[in-house]
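Trainee: Attaching a single structure in structure tokens format; questions to follow.
The values are calculated or read from the model by the stated rules, or taken from the named source; none is laboratory data. The structure presented is a predicted model; accordingly, all values stated were derived computationally and were not measured. FYI the Cβ positions are ideal-geometry reconstructions off the backbone, even for glycines, and counts take in every protein chain you see.
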């Protein structure tokens, strides 16, 4: 769990150091702007804005019952973030598995990607698809409904 917070913490620390340097040079306005940018970057990369995750076994059980895809992801992954943003509200209908929190999920991703933990990996009807186009995922989601 701590691994997911490393990048946001580093972003806030770097922003704080830069802002402090600007404050010491008596430029308070730009210091506030720099700090705000770094805090926003930290928020975007934090687990707070991440989808609600469930375990891999539970996700597979739910997917078998309702036919919706399972998305294996991890915090800080820009491709996972892109998928989540481009799916919009329909992202809530997917079953999300954080591979950093669930060892079974990480094992499933490694099995699908020749030993690599490449995410996002979307499983539709038992078939894994690595970093698929968000439009394709949306189409698969509409088919399952």
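Trainee: Out of (1) out of contact with any helix residue (DSSP H, G or I) (no Cβ under 8 Å at 6 or more places or on another chain); (2) not assigned by TED's automatic domain parsing to the domain that holds residue 133, the odd one out for residue 30 is which?
Mentor: Condition (1) is where residue 30 drops out.
Trainee: Here is a further query. Scan the range 91-102 residue by residue and report those that are crowded, with 17+ Cβ neighbours inside 10 Å and in a helix (DSSP H, G or I). Talk me through it step by step, then tell me what you get.
Mentor: Within the range 91-102, the subset crowded, with 17+ Cβ neighbours inside 10 Å is 91, 94-102.
Once the filter is applied, which keeps residues that are crowded, with 17+ Cβ neighbours inside 10 Å and in a helix (DSSP H, G or I), the range 91-102 yields only 91.
Trainee: Among the listed residues 88, 105, identify the single one that is in a helix (DSSP H, G or I), exposed (fewer than 14 other Cβ atoms within 10 Å of the Cβ) and in contact with a helix residue (DSSP H, G or I) (Cβ under 9 Å, 6 or more places away or on another chain).
Mentor: Numbers: 105 fails: exposed (fewer than 14 other Cβ atoms within 10 Å of the Cβ).
Answer to the check: 88.
Trainee: Regarding residue 141, is this residue touching a helix residue (DSSP H, G or I) at 6+ places or on another chain (Cβ under 7 Å), assigned to a helix (DSSP H, G or I) and crowded, with 18+ Cβ neighbours inside 10 Å?
Mentor: On the way: touching a helix residue (DSSP H, G or I) at 6+ places or on another chain (Cβ under 7 Å): yes; assigned to a helix (DSSP H, G or I): yes; crowded, with 18+ Cβ neighbours inside 10 Å: yes.
Against the criterion (touching a helix residue (DSSP H, G or I) at 6+ places or on another chain (Cβ under 7 Å), assigned to a helix (DSSP H, G or I) and crowded, with 18+ Cβ neighbours inside 10 Å), residue 141 qualifies.
Trainee: For the range 120-138, name all the residues that are assigned to a strand (DSSP E or B), farther than 14 Å from residue 83 by Cα and without any contact (Cβ under 8 Å) to a residue 40 or more places away in the chain.
Mentor: Answer for the range 120-138, where residues must be assigned to a strand (DSSP E or B), farther than 14 Å from residue 83 by Cα and without any contact (Cβ under 8 Å) to a residue 40 or more places away in the chain: 127, 128.
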